[in-house]
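**Q** Before I ask anything, let me first share the structure, which is written out below as structure tokens.
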Amino acid sequence: MSDTDQPGHVSEKAPAEVSVGRRLRRMRKNQGLTVAALGEQAAVSAGMISQIERGLSNPSIGTLERLRVVLGIPLTAFFEDRDDGAPATPVADLVRRADQRPFFQVGGNGMSKELLSPSGDHDLQFMIICVPPHTRSHDVMIGPGEKAGLVLEGRLTLTVDERATVLEAGDSFQFDSRKAHSVANESDESVRLLWIMHTKPQRAQF
């Protein structure tokens with residue numbers, strides 16, 4: 001079930017799910033990198049990269065951040081085709097149309113994300129995250145910058161430096177992204193979260 005199927009989510013058009021693995025394989029080969037070489041430089045196991053490329057594993061944003069730094073590409077490159085024959089949008093670097101949001105599963109816990117940032121390489125990234133019931137985030141990027149969010153639906157537990165805070169729909173937050181942090185949905189209902197981050201990848205927390 002995608003996040004557009006969750007109760008209370010109103011959307012005129014469901015975002016199209018993207019093939020991250022296919023794009024990763026193409027970009028890796030274009031740069032003449034083997035799976036092993038990319039894995040060594042990005043601190044991601046070759047087995048994980050192979051599974052991602054074959055569509056057998058859903059990578060976390062943390063994993064994609066490490067891969068995209070080595071490949072020298074923006075995060076959005078994993079979710080959009082530049083050679084699919086579609087005409088370029090004149091304001092693609094400024095605007096993300098509602099029916100053109102890349103949708104993708106992350107990790108193996110059922111979490112999904114809709115990318116809201118426009119095309120291109122931007123220091124600020126924002127997205128909508130759907131957190132299924134009884135699910136916790138993993139592989140979170142820790143590094144200089146800030147992260148922030150707004151709970152759109154449901155009840156979310158935000159933990160920053162081992163301090164847990166329960167947030168309801170309409171509550172917002174912001175914190176230094178160098179601090180250890182995670183989000184969790186401990187309820188029986190799905191959570192929808194507007195997630196904003198301005199950070200440079202340093203290391204991952206597992």
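**Q** Which of the residues spanning the stretch 129-158 are over 17 Å from Glu114 (Cβ atoms), buried (at least 17 other Cβ atoms within 10 Å of the Cβ) and of a type in the set (Gly, Ala, Ser)?
**A** Gly145
**Q** Which one is modelled with the lowest pLDDT, of the residues in the stretch 166-204 that are assigned to a strand (DSSP E or B) and open to solvent by 60 Å² or more (accessible area, probe 1.4 Å)?
**A** So the residue we want is Arg203.
**Q** Shifting gears a bit: Does the stretch 60-68 include one or more residues that are surrounded by 14 or more Cβ atoms within 10 Å (Cβ to Cβ), out of contact with any Pro (no Cβ under 9 Å at 6 or more places or on another chain) and acidic (Asp, Glu)?
**A** Looking for residues that are surrounded by 14 or more Cβ atoms within 10 Å (Cβ to Cβ), out of contact with any Pro (no Cβ under 9 Å at 6 or more places or on another chain) and acidic (Asp, Glu), one finds none in the stretch 60-68, hence no.
**Q** Of all the residues that make up the stretch 92-117, how many are open to solvent by 20 Å² or more (accessible area, probe 1.4 Å) and over 12 Å from Trp195 (Cα atoms)?
**A** 15
**Q** Something else about it: Between a first residue in the stretch 18-46 that is on the phi < 0 side of the Ramachandran plot and without any contact (Cβ under 8 Å) to a residue 24 or more places away in the chain and a second residue that is of a type in the set (Ser, Thr, Tyr) and open to solvent by less than 30 Å² (accessible area, probe 1.4 Å), which pairs have beta carbons less than 6 Å apart while being 6 or more apart in sequence or on different chains?
**A** Val44/Thr63
**Q** Mind checking which pairs have a first residue in the stretch 112-130 that is within 17 Å of Ala98 (Cβ to Cβ) and assigned to a loop (DSSP other than H, G, I, E, B) and a second that is open to solvent by less than 10 Å² (accessible area, probe 1.4 Å) and hydrophobic (A, V, I, L, M, F, W, C), Cβ under 8 Å, 6 or more apart or different chains?
**A** Leu116/Met127; Ser117/Leu75; Ser117/Met127
**Q** Can you tell me which residue is modelled with the highest pLDDT among those in the stretch 7-53 that are touching an Asp or Glu at 6+ places or on another chain (Cβ under 8 Å) and part of a loop (DSSP other than H, G, I, E, B)?
**A** Val18
The values are calculated or read from the model by the stated rules, or taken from the named source; none is laboratory data. Note that the structure is a prediction, hence the values are computed from the model and not measured. A quick note on method: Cβ atoms are made from the backbone with ideal geometry, for glycine too, and the neighbour counts reach across all protein chains shown. The area values use the complete protein model at the heavy-atom level, side chains included, leaving out ligands, DNA and RNA. Shrake-Rupley method; radii C 1.70, N 1.55, O 1.52, S 1.80 Å.
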